[in-house]
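Engineer: Below is a structure I'd like to ask you about.
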Amino acid sequence: MRQTLVIWVIRIAIVLAVLAVWQSLSTFNLMNPVFIGTPGGTLREFVRQFGTSIVTTDLGYTMRETLLGFVLGTLSGFLFGIVLAQSELVERAAAPLLTAANSLPRVTLAPLFIIWFGLGSTAKVALVISVVFFIMTINTVAGLTMPDPDRQLLARTLGASRRQRLLYFVIPGAVPTLIAGLELSLVYSFLSAVVGEFVGGSYGLGVRLQQFANNFEVDKFFAVILLLAVVTTVMAQMLQWVGRRTTRWYGTDRLQQ
Amino acid sequence: MANLAVDARNVGLSPAHGPDILSDISLTVEEGEFVAIIGPSGCGKTTFLNAVAGLTRTTRGTLTVRGHAPAAGRPDSSYALARDTLLPWRSAIQNVELALQMRGFPRSERGALAERALMRVGLGEARDRHPTALSQGMRQRVALARAFVTQPTLMMMDEPFGALDAQTRVLMQDLLLTLLDEYGGTLLMVTHDLAEALVLADRVILFSNRPARVSGEYRVAIPRPRNSQDVRREPRFISLYDEIWTDLKDQIARSDSHRL
């Protein structure tokens with residue numbers, strides 16, 4: 001109990017210290033407040049946002065793009081990963097190609113997607129899918145090809161067919177790895193949607209960020225960032241909670257990767 | 001001539017790398033017989049059992065199971081491994097149902113059969129618990145239930161009672177005897193426990209140290225039905241125990257001297 005208290009005290013102290021430094025930059029004229037904003041100003045704008053289209057329209061756009069891309073990207077990545085994991089030969093052939101595709105910062109394709117799909121949400125969803133698909137494919141293949149000799153032996157002694165092995169032994173065994181992949185994919189989904197909005201568009205939090213930065217409205221900029229931080233944290237925590245509940249019986253399996 | 005459940009003639013196993021594991025095994029298991037294999041640690045008993053279960057290939061000799069080549073996962077047989085290998089995401093009863101699922105038992109029957117199997121190993125109350133919430137002894141009992149829930153007529157077991165305490169062990173031995181009487185089953189088991197071998201088996205086969213040969217066969221002429229407690233008081237039990245133990249010690253001593 002005491003340790004928790006100390007931890008919280010330290011956390012609050014760190015936050016207050018950062019806020020103090022930030023405020024002092026303007027108060028003591030170390031930097032032009034127009035460029036860096038102030039904690040007070042940011043907080044004011046954060047609250048004010050809720051009455052504006054930022055929360056009602058832009059947030060909705062960004063969320064829709066993120067979630068649609070997340071669902072389509074992870075699902076297709078998962079299914080493709082299952083297919084790849086069926087043949088060791090194909091998997092080995094594809095592995096370096098997948099790694100290369102995954103290493104390329106696909107957010108840089110944003111302008112291209114806008115040329116192809118226009119300035120609307122489709123381009124952003126496509127961008128999210130392009131990022132998350134490869135993450136999830138690699139993750140799925142890794143999860144499905146983890147060797148577990150005891151379990152493989154069990155499957156053989158029970159007379160499990162190939163399909164039964166996949167459905168009842170291999171895929172359930174891969175769940176902890178898959179959940180980790182989903183958590184990563186969610187983070188990247190938000191990132192890709194917002195960056196896609198930087199490049200072009202009419203609605204979305206990324207569009208607003210661009211706009212505020214261009215107009216030197218730094219407090220409003222930070223207010224949107226803060227909103228993004230709150231939303232992404234809440235979503236990530238929800239996913240983590242689902243993940244913990246799903247894997248609560250896996251025990252040491254979680255550590256065995 | 002009785003039907004042979006297992007017929008091994010001059011079976012050998014020379015792996016691609018390393019020394020021979022099995023040199024020359026010739027033995028038979030008749031239908032309805034219970035045979036226990038004992039021998040020094042690491043002599044190849046489990047390897048031989050794995051070969052009978054179709055999990056490992058032998059490199060010499062002939063090995064047939066009910067007239068056919070050994071095959072993994074035969075529907076009429078079950079194999080109880082030394083490690084319990086329960087699926088952690090399934091509850092105890094779901095783990096037992098797994099065997100029924102793989103063998104194509106209809107969904108409506110699975111629950112009842114699994115529940116009954118769990119009750120027979122004394123775990124009826126733990127049916128919804130997951131393996132992480134079970135002690136090792138309990139997990140091994142769940143694995144045992146899984147091994148007989150499909151009513152196999154040929155059971156292969158590799159030290160199935162290893163993790164159990166003495167009392168539970170005795171209970172499980174009695175249970176096994178009852179079950180096999182019920183289905184008229186055949187049992188081939190590997191064990192370190194000589195007393196257990198004499199309680200359960202009709203014949204005890206002694207493997208030599210590696211590379212394994214059959215170095216002794218002993219008929220256990222103790223009448224059935226047996227009860228694990230009464231058996232230990234039989235004079236035949238005691239004299240057989242001494243006889244086999246002497247030979248076993250001899251084999252162990254030889255493998256020890258090789259290590260020196």
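Engineer: Quick check: anything in the stretch B:153-163 assigned to a helix (DSSP H, G or I) and either at pLDDT below 90 or crowded, with 20+ Cβ neighbours inside 10 Å (or both)?
Structural biologist: no
Engineer: Output the number of residues of the stretch B:87-123 satisfying the condition of being surrounded by 21 or more Cβ atoms within 10 Å (Cβ to Cβ) and in a helix (DSSP H, G or I).
Structural biologist: Qualifying residue count for the region: 12.
Engineer: Looking at the stretch A:1-117, what helices (runs of 4 or more DSSP H) fall wholly within it and have at least 2 residues that are among the hydroxyl-bearing types (Ser, Thr, Tyr) and either on the phi > 0 side of the Ramachandran plot or more than 23 Å from the chain's Cα centre (by Cα) (or both)?
Structural biologist: Details: elements: A:2-27, A:33-36, A:39-49, A:59-85, A:88-103, A:110-117.
The qualifying helices (runs of 4 or more DSSP H) are A:2-27.
Engineer: Report yes if A:PHE80 is aromatic (Phe, Trp, Tyr) and loosely packed, with under 13 Cβ neighbours inside 10 Å, otherwise no.
Structural biologist: Details: aromatic (Phe, Trp, Tyr): yes; loosely packed, with under 13 Cβ neighbours inside 10 Å: no.
So A:PHE80 does not fit the description; no.
Engineer: For the stretch B:61-82, check the following and say yes or no: at least one residue is within 20 Å of B:HIS192 (Cβ to Cβ) and either in contact with a Lys or Arg (Cβ under 6 Å, 6 or more places away or on another chain) or more than 14 Å from every other protein chain (Cβ to nearest Cβ) (or both).
Structural biologist: There is no residue in the stretch B:61-82 that is within 20 Å of B:HIS192 (Cβ to Cβ) and either in contact with a Lys or Arg (Cβ under 6 Å, 6 or more places away or on another chain) or more than 14 Å from every other protein chain (Cβ to nearest Cβ) (or both).
Engineer: Okay, moving on. Could you go through the stretch A:189-199 and let me know if any residue there is polar (S, T, N, Q) and within 20 Å of the chain's Cα centre (by Cα).
Structural biologist: yes
Engineer: Could you figure out which of (1) without any contact (Cβ under 8 Å) to a residue 60 or more places away in the chain; (2) β-branched (Val, Ile, Thr); (3) part of a loop (DSSP other than H, G, I, E, B); (4) facing chain A (nearest Cβ under 10 Å) isn't true of B:THR132?
Structural biologist: So B:THR132 meets the others, but not (3).
Engineer: May I pose another question? If a residue has to be touching a helix residue (DSSP H, G or I) at 6+ places or on another chain (Cβ under 6 Å), away from chain B (no Cβ under 14 Å) and either surrounded by fewer than 17 Cβ atoms within 10 Å (Cβ to Cβ) or not in a helix (DSSP H, G or I) (or both) to count, how many in the stretch A:119-167 make the cut?
Structural biologist: 1
To keep it simple, each residue is scored yes or no on (1) within 21 Å of B:SER77 (Cα to Cα); (2) in contact (Cβ under 8 Å) with a residue 60 or more places away in the chain.
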{"residue": "B:LEU176", "(1), (2)": "yes, no"}
{"residue": "B:GLU182", "(1), (2)": "yes, no"}
{"residue": "B:THR191", "(1), (2)": "yes, yes"}
{"residue": "B:ASP202", "(1), (2)": "yes, yes"}
{"residue": "B:ARG210", "(1), (2)": "no, yes"}
{"residue": "B:GLU234", "(1), (2)": "no, no"}
{"residue": "B:PHE237", "(1), (2)": "no, no"}
{"residue": "B:ALA253", "(1), (2)": "no, no"}
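Engineer: Would you check which residues across the stretch B:179-192 are modelled with pLDDT of 85 or more and surrounded by fewer than 18 Cβ atoms within 10 Å (Cβ to Cβ) and list them? Can you show your working first?
Structural biologist: So the first thing to find is which residues in the stretch B:179-192 are modelled with pLDDT of 85 or more, and the list is B:185-192.
Hit for the stretch B:179-192 is B:HIS192, nothing else.
Engineer: Given the options A:GLY51, A:GLY37, A:GLY60, A:GLY69, name the one that is within 23 Å of A:GLY204 (Cβ to Cβ) and loosely packed, with under 11 Cβ neighbours inside 10 Å.
Structural biologist: Going through A:GLY51, A:GLY37, A:GLY60, A:GLY69 in turn, just one is within 23 Å of A:GLY204 (Cβ to Cβ) and loosely packed, with under 11 Cβ neighbours inside 10 Å: A:GLY51.
The values are calculated or read from the model by the stated rules, or taken from the named source; none is laboratory data. These numbers were taken from a predicted model, which means no experiment stands behind them. FYI the Cβ positions are ideal-geometry reconstructions off the backbone, even for glycines, and counts take in every protein chain you see.
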